[in-house]
Amino acid sequence: MIRLCGFHISNYHNKVRIALLEKGIEHVDDSSCHPSQEEAFLARSPMGKVPFLEVDEKRMSESQVICEYLEEAYPERPLYPKDPFQRAKVRELIAFMELHLELVVRRLYPVLFGRTVTEETKQQVEKLLPRGVRAFRALANFDPYIAGKEFTLADVTAFVHLPLVSLTTKTVYGRDFLEELPQVKPYLKSVGERPAFKRVNDDRKAAQGALAKK
């Protein structure tokens with residue numbers, strides 16, 4: 001049995017969950033798991049993070065590692081192209097989105113939950129993020145998918161990360177740092193119509209609504 005452990009507001013949990021749904025893999029979605037440094041949780045996730053995957057009595061963490069495992073273990077509905085170079089280009093896009101966009105703007109996420117960040121942090125992100133946006137613009141195709149003609153894991157990654165980049169920068173700086181890529185909004189709307197994407201996005205919205213009421 002496969003169990004995905006995390007929570008529905010987590011973009012990395014949602015990345016793995018969409019991959020599972022797109023590949024048609026039967027699994028249990030355990031959305032009750034939240035990051036923790038308690039000993040019992042660390043025994044399941046060494047860094048105390050989510051998501052992590054439980055496969056029978058075995059476990060693994062890190063969303064990209066999990067997705068790579070799913071691709072190898074369940075190749076019937078691939079999320080990567082067959083061509084080795086094109087597969088590498090998909091991985092390149094994923095790495096750029098996660099390292100040079102999402103990870104950079106993540107330092108500002110406290111603002112989305114009503115907390116504050118330092119002016120120094122804001123300035124550092126404002127300096128670094130345009131470099132990532134510039135590189136992403138050079139790599140993304142939107143033809144019609146983000147890596148080209150085929151739907152891939154890069155589309156899953158884009159769907160869970162890019163809206164956060166837009167929302168966070170607009171909240172902190174008063175402008176969307178992705179606005180110079182006009183293809184992004186129609187692209188996200190298009191892929192968001194896929195059943196797996198819609199299901200996960202609806203659950204995310206419901207979880208955010210429940211959190212706001214607390």
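The values are calculated or read from the model by the stated rules, or taken from the named source; none is laboratory data. Predicted model only: the values in this text are computed from it and were never measured. In this analysis, Cβ positions are derived from the backbone assuming ideal geometry, glycine residues included, and neighbour counts consider all displayed protein chains.
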Next on the checklist: For segment 40-89, give me each residue that is touching a strand residue (DSSP E or B) at 6+ places or on another chain (Cβ under 8 Å), under 17 Å from residue 157 (Cβ atoms) and of a type in the set (Phe, Trp, Tyr).
Outcome noted: 69
Checklist outcome for this item: In segment 48-89, residues that are in contact (Cβ under 8 Å) with a residue 12 or more places away in the chain, within 19 Å of residue 31 (Cα to Cα) and among the basic types (Lys, Arg) total 2
Next on the checklist: Take the residues in segment 144-176 that are hydrophobic (A, V, I, L, M, F, W, C) and part of a loop (DSSP other than H, G, I, E, B); name whichever of them is surrounded by the most Cβ atoms within 10 Å (Cβ to Cβ).
Outcome noted: 146
Checklist outcome for this item: Reported set for segment 177-189 where residues are over 19 Å from residue 103 (Cβ atoms) and either surrounded by 15 or more Cβ atoms within 10 Å (Cβ to Cβ) or in contact with a Cys (Cβ under 7 Å, 6 or more places away or on another chain) (or both) is 183, 185, 187, 188
Item to check | Pairs where the first residue, in segment 108-135, is at pLDDT 95 or above and the second is among the charged types (D, E, K, R), C-beta under 8 Å, 6+ apart | outcome: 108/122; 117/107; 121/107; 124/107; 125/107; 133/180
Checklist entry - Do we find a residue being out of contact with any strand residue (DSSP E or B) (no Cβ under 8 Å at 6 or more places or on another chain), over 30 Å from residue 212 (Cα atoms), assigned by TED's automatic domain parsing to the domain that holds residue 182 and not polar (S, T, N, Q) anywhere in segment 96-117? => result yes
Checklist entry - Inside segment 3-98, counting only strands (runs of 3 or more DSSP E) that do not spill past its ends, which hold 2 or more residues that are surrounded by 22 or more Cβ atoms within 10 Å (Cβ to Cβ) and in contact with a helix residue (DSSP H, G or I) (Cβ under 9 Å, 6 or more places away or on another chain)? => result 52-55
Item to check | Hey, residue 104 in contact with a Phe, Trp or Tyr (Cβ under 6 Å, 6 or more places away or on another chain), in contact (Cβ under 8 Å) with a residue 12 or more places away in the chain and not in a loop (DSSP other than H, G, I, E, B) or not | outcome: no
Checklist entry - Hey, among 184, 165, which residue is of a type in the set (A, V, I, L, M) and within 27 Å of residue 116 (Cβ to Cβ)? => result 165
Next on the checklist: Being free of Cβ contacts under 8 Å to residues at least 40 places away in the same chain, in a helix (DSSP H, G or I) and within 20 Å of residue 14 (Cβ to Cβ) is the filter here; which residues of segment 185-194 pass it?
Outcome noted: 185, 188, 189
